[in-house]
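Student: Sharing a structure with you now.
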Amino acid sequence: MKELIRSLVEATGPSGYETQVRELVQTSITGLADEVKVDALGNLIARKGKLKEGGKRVMLSAHMDEIGLIATFVDDNGFIRFTANGGVFPVYLLGSRVRFLNGVEGVIGAESNNLRDQAPAMDKCFIDVGAKDRLGCPVSVGDMAVFVRPYLDLGDRLVSKALDDRVGVAILVEALKQLQDTPNELYFVFSTQEEVGTRGAITAAYAVDPELGIALDVTKTGDTPKCDKMEVTLGKGPTVKVRDSGMLSDPRVVRWMRKTAEKAGIPYQLEVLEAGSTDARSIQVTRAGVPVGVISIPCRYVHSPSEMVDYQDVVNSVKLLVALLSERIVLEQQ
Ligand code: CO
Ligand code: ZN
């Protein structure tokens with residue numbers, strides 16, 4: 001699975017411009033689904049199985065887009081001003097390198113060239129692509145860029161600028177590969193525009209009209225020196241989300257996920273995330289409402305150019321997802 005993860009994280013796919021990632025996913029799921037569609041927002045929707053006695057229509061979602069920057073202004077000297085496309089933290093900007101969709105690369109500088117220990121605000125930063133003036137600048141207003149940082153395979157730990165959420169994408173692809181027979185009708189949604197407000201999942205959920213929804217996405221951890229308290233640790237298994245700032249998981253879904261993990265002997269952690277949300281939020285409030293849950297992959301340094309996950313957590317996420325979807329789904333009251 002590592003090769004799939006590497007190719008996915010190295011692709012360029014800022015929100016709204018997910019074509020490169022979508023093409024990679026399309027190639028890697030060839031022959032695995034019964035039906036594959038791309039909707040108007042660019043979501044890739046792959047169906048596996050047809051509803052059988054006692055089965056459910058289930059939507060699974062992992063987003064293809066990554067956070068990035070958008071050019072807002074090019075000055076007379078060819079310096080590019082920008083704003084965020086998704087949740088970019090100013091603290092990671094200075095000294096970072098970016099790549100525009102047209103392949104042009106540049107570095108980020110700040111107005112004060114004397115900064116040592118404070119992070120400059122985003123509107124005090126600019127991108128320098130080596131242009132000498134406005135006319136010679138190969139970037140126009142509206143062009144999108146993502147962060148550039150080489151992918152690192154540290155053995156058990158993997159590092160990249162886009163593990164959020166290409167690792168979720170890889171897990172869905174692998175689960176689709178491993179799933180044999182299922183009484184359920186499964187819709188694997190590789191969604192768009194999550195980082196700008198889970199927008200792709202809104203239209204996909206409306207179209208699929210699921211009876212149950214599960215998002216696969218990364219979550220923060222509480223396992224680095226003196227960080228905020230949080231009961232999630234890299235390497236201790238995928239998490240079953242209980243709550244984040246945009247959604248309360250359906251308690252019946254939480255119970256089903258926990259019971260399934262325990263029965264199959266798959267390690268898992270319980271997650272309460274204080275800030276952030278996922279595609280599950282959009283699925284939950286679509287149409288007349290849908291019970292949802294989330295399987296999260298613990299990730300250090302989320303939304304930095306060097307996000308880190310544990311490979312065994314990835315493998316166990318696939319195991320849990322396959323165990324959940326292979327059988328008849330019974331949601332019991334707590
Ligand atoms: Co994110
Ligand atoms: Zn995400």
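Student: For the chain, calculate the relative contact order in percent as a whole number, restricting contacts to Cα pairs under 8 Å that are 6 or more residues apart.
Tutor: Computed value for the chain: 23 percent relative contact order.
Student: Scan around residue 16 for amide H atoms under 5 Å from its own, H built in the peptide plane at 1.01 Å from N, and keep only partners 5 or more places away or cross-chain.
Tutor: 193
Student: Roughly how tilted is helix 251-264, in degrees to the nearest 10 and between 0 and 90, from the longest Cα axis of the chain?
Tutor: With both axes taken from Cα atoms, the answer is about 80 degrees.
Student: Express in nm, to one decimal, how much length is gained between residue 111 and residue 272 on full extension, taking 0.36 nm for each residue of separation and deducting their alpha carbon distance.
Tutor: Net length gain for the segment: 54.1 nm.
Student: OK, next. Using Cα-Cα distances under 8 Å and only pairs 6 or more residues apart, what relative contact order does region 228-308 have, in percent?
Tutor: Result for region 228-308 is 40 percent.
Student: Separate question: Just list whichever of 52/263; 236/259; 2/161; 2/259; 241/319; 50/177 have alpha carbons separated by over 20 Å in the model shown.
Tutor: Pairs exceeding 20 Å: 52/263; 2/259.
Student: Among residues other than residue 219 whose Cβ falls under 10 Å from its Cβ, what is the net charge (Lys/Arg +1, Asp/Glu -1)?
Tutor: Every neighbour counted, the sum reads -2.
Student: Quickly rank 68-74, 83-89 as a protection proxy: mean count of other C-beta atoms within 10 Å, highest first.
Tutor: Output ranking for 68-74, 83-89: 68-74, 83-89.
Student: Would you calculate the volume per residue, in Å³, of the smallest convex hull containing every Cα atom of region 1-44?
Tutor: 66
Student: Add +1 for every Lys or Arg and -1 for every Asp or Glu among the other residues with Cβ under 10 Å from the Cβ of residue 156, and state the total.
Tutor: Its environment carries a net charge of -2.
Student: How far is the Cα center of region 294-334 from the Cα center of region 237-265, in Å?
Tutor: Spelled out, the Cα-based centre of one part sits 10 Å from the other.
Student: How much net charge surrounds residue 36 when only other residues with a Cβ under 13 Å from its Cβ are counted (Lys, Arg +1; Asp, Glu -1)?
Tutor: The answer is 0.
Student: Mind jotting down the distance between the C-alpha centroids of region 51-126 and region 1-38, whole Å?
Tutor: Cα centroid of region 1-38 versus Cα centroid of region 51-126: 21 Å apart.
Student: I want to make sure I understand the PRE zone here: with the label point 7 angstrom from the Cα of residue 328 toward its beta carbon, which residues in region 45-73 have backbone N atoms less than 20 Å away?
Tutor: Counting only backbone N, you get 49-59.
Student: Just subtract the alpha-carbon distance of residue 124 and residue 226 from 0.36 nm times their residue separation and send over the number in nm, one decimal.
Tutor: In short, 33.8 nm is gained.
Student: Amide H of residue 219: which non-local residues (sequence gap of 5 or more, or other chain) have their own amide H closer than 5 Å, using H built in the peptide plane?
Tutor: The answer is 297, 299.
Student: Go through region 226-233 residue by residue and turn each phi into a ³J(HN,Hα) via Karplus (6.51, -1.76, 1.60, θ = phi - 60°); whole Hz please, and just put x for glycine and proline.
Tutor: Once rounded to whole Hz, the list reads 6, 7, 4, 5, 7, 7, 10, 10.
Student: Hey, what did region 68-147 get for relative contact order, percent, Cα under 8 Å, at least 6 apart?
Tutor: Normalised by residue count, the contact order of region 68-147 is 44 percent.
Student: Now for a separate question. Could you put 300, 252, 328 in order of accessible surface area, largest first, with the 1.4 Å probe and the full protein assembly present?
Tutor: Ranked list, largest accessible area first: 328, 252, 300.
Student: Right, here's the next one. Could you work out how far helix 311-326 tilts from the main Cα principal axis of the chain, as a 0 to 90 degree angle to the nearest 10?
Tutor: Roughly 40 degrees, rounded to the nearest 10.
Student: Given the chain, what whole percent of its Cα pairs are spread farther than 26 Å?
Tutor: Of all Cα-Cα distances in the chain, 47 percent exceed 26 Å.
The values are calculated or read from the model by the stated rules, or taken from the named source; none is laboratory data. Note that this is a predicted model, so its numbers are computed, not measured. Positions of Cβ are backbone-derived with ideal geometry, glycine not excepted, and every protein chain shown enters the neighbour counts. With ligands, DNA and RNA removed, areas are computed over all heavy atoms of the protein, side chains included. Shrake-Rupley method; radii C 1.70, N 1.55, O 1.52, S 1.80 Å.
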